[in-house]
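What follows is calculated from the coordinates using simple rules that are stated; it is not laboratory data. Since this is a predicted model, take the numbers as computed values, not measurements. No Cβ is skipped: glycine too gets one built from the backbone with ideal geometry, and neighbour counts run over all protein chains shown.
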Amino acid sequence: MDLSAERIAKIKELQQKLNISFEDIELLNRALTHKSYAYEHRQQNLQHNERLEFFGDAVLKLIVSEHLLRTYPESDEGVLTKIRAAVVSDNTLASFAKKQNLGEYLLMSHNEEKTGGAKRKSNLANMMEALLGALYLDGGLAKAKPLILEFLKLEMVRHEEGHLFRDHKSSLQEMAQQEGWGLPEYKVINEEGPDHRRVFWVQVKVGKSLRKVKAEGMGKTKKDAEQRAARQALQLLKERGAK
C-alpha cells in the first residue's frame, strides 16, 4: 500500500505521541487498519489488523507475566493470574487509547466511523493489541516492553495492591463475619535476617473467641506474611468445614 503524505504525517504524529519509532511504517499502518476499511477498499488488497491483534495479545501477556513474576517472587500463580487478567483487559487497553485519542489514527470504513467506531471499546482495545504486536515484529521485546509497562503502570499498581494485599485476608474476613466470629487477629510472632533480607512470621487467629483456627505464614514483608497466614487459615477452615 502506498501511503499518502497526509497518512505518513499522521503516523509520525502517533509515534511522537507514544514515544515509539517504527522501521516499517507500513506495518504500523496495518496495525491501525480496521477490517471494515480493508473491506471497503478491497480492490486495493489491503491487510487489516486482526492477525496482529492476535499476536499482540500474546506479547502483552508475556511482558506482563514476566513483570509480575520478577516483581513478586513469593506470590502464587493464582494471585498473579488474577492481576494479569485485570491488567490486560479490554477496559484497560481502551481506556489508555481514549486518553491518548488514538481512535483518530484508526483507518475504518465510512459507516464504522459514522457510528462512533473511533471511540468504540472493542476497536480501541483491538488496535492497542495490534500495535503491540507490530512493535514486537518491528523491533522485538526491547521495543514493545517500554510502551506496555508505561501505559499499564498505574493499572498494575492498583491491581497488584488489590489482589496481593487484600485477596486472602478479605476472603477470611468475609467468612468470619458471615459466621459471626468477629474480625481475624494478626500478630508478628518472629522476624529474622538483616534489614534488606528480612523475613517475617505472622500468626492469625479467627473464630469463636479466636480459637476456631490458628494459622501461620512467612513472607518478605508483613503484608505478604499476613496473606500467607490468611490463606492457610482458609485452607484449614475448608478442610474442617466452616462451622
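Taking the C-alpha atoms of region 1-139, how large are the radius of gyration and the largest Cα-Cα span, Dmax, in Å?
Calculated on Cα positions, Rg and Dmax stand at 16.1, 55 Å.
Under the 0.36 nm per residue contour assumption, what length would be gained going from the current alpha-carbon distance of residue 119 and residue 16 to full extension?
Answer, rounded to one decimal: 35.0 nm.
Say we join alpha carbon atoms closer than 10 Å with springs in a Gaussian network model of the chain; which of 33, 115, 81 then has the biggest fluctuation?
Top of the fluctuation ranking is 115.
Calculate the dipole size of the chain relative to its Cα centre from +1 charges on Lys and Arg beta carbons and -1 charges on Asp and Glu beta carbons; express the result in debye to the nearest 20.
The dipole magnitude comes to about 1120 debye.
Determine the distance separating the Cα centre of region 24-45 from the Cα centre of region 166-197; give it in Å without decimals.
Each part's Cα centre sits 54 Å from the other's.
Work out the charge dipole of region 175-238 with +1 on the Cβ of Lys and Arg and -1 on the Cβ of Asp and Glu about the Cα centre, then indicate which of 194, 219, 232 is farthest towards its positive end.
Farthest towards the positive end: 232.
Given 183, 25, 117, which one lies farthest toward the positive end of the charge dipole of the chain, if we put +1 on the Cβ of every Lys and Arg and -1 on the Cβ of every Asp and Glu?
183
Mind pulling the per residue volume of the convex hull built on the Cα atoms of region 180-240? Å³ is fine.
Given the Cα convex hull of region 180-240, per-residue volume reads 68 Å³.
What residues from region 212-243 fall in the zone where the backbone N is under 11 Å from a label point 7 Å along the Cα-to-C-beta line of residue 177?
Residues passing the 11 Å test: none.
From Cα pairs below 8 angstrom and at least 6 apart in sequence, can you work out the relative contact order of the chain, rounded to a whole percent?
17
Could you identify which residue out of 51, 30, 84 has the top mean-square fluctuation in a GNM of the chain using Cα springs shorter than 10 Å?
So, out of 51, 30, 84, the one fluctuating most is 51.
Using a Förster distance of 41 Å, how high is the FRET efficiency between residue 189 and residue 238, based on the Cβ-Cβ distance and rounded to 0.05?
With a Förster radius of 41 Å, E is 0.95.
Might you report the magnitude of the Cβ-based charge dipole of region 180-240 about its Cα centre, with Lys and Arg at +1 and Asp and Glu at -1, to the nearest 20 debye?
Charge dipole, region 180-240, about its Cα centre: 280 debye, nearest 20.
How many Å³ per residue does the convex hull of the Cα positions in the chain occupy?
So the per-residue Cα hull volume is 152 Å³.
Please compute the length gained on full extension between residue 214 and residue 89, using 0.36 nm multiplied by the number of residues separating them and subtracting their Cα-Cα distance.
Answer, rounded to one decimal: 41.3 nm.
Based on DSSP loop calls and a cut-off of at most 16 other Cβ atoms within 10 Å, the longest stretch of the chain free of exposed GluC sites (Glu not before Pro) is what?
So the longest stretch without any such site is 75-243.
Out of 60, 15, 80, whose Cα points farthest toward the positive end of the dipole of the chain (charges: +1 Lys, Arg; -1 Asp, Glu; placed on Cβ)?
Positive-end residue among those listed: 80.
Among 34, 110, 196, which one shows the highest mean-square fluctuation when the chain is modelled as a Gaussian network with alpha-carbon springs under 10 Å?
196
Whole-Hz ³J(HN,Hα) for each residue in region 87-93, computed from phi via Karplus 6.51 cos²θ - 1.76 cosθ + 1.60 with θ = phi - 60°, x for glycine and proline: what do you get?
Per residue, the Karplus-derived 3J(HN,Hα) values read 6, 8, 6, 4, 4, 5, 4 Hz.
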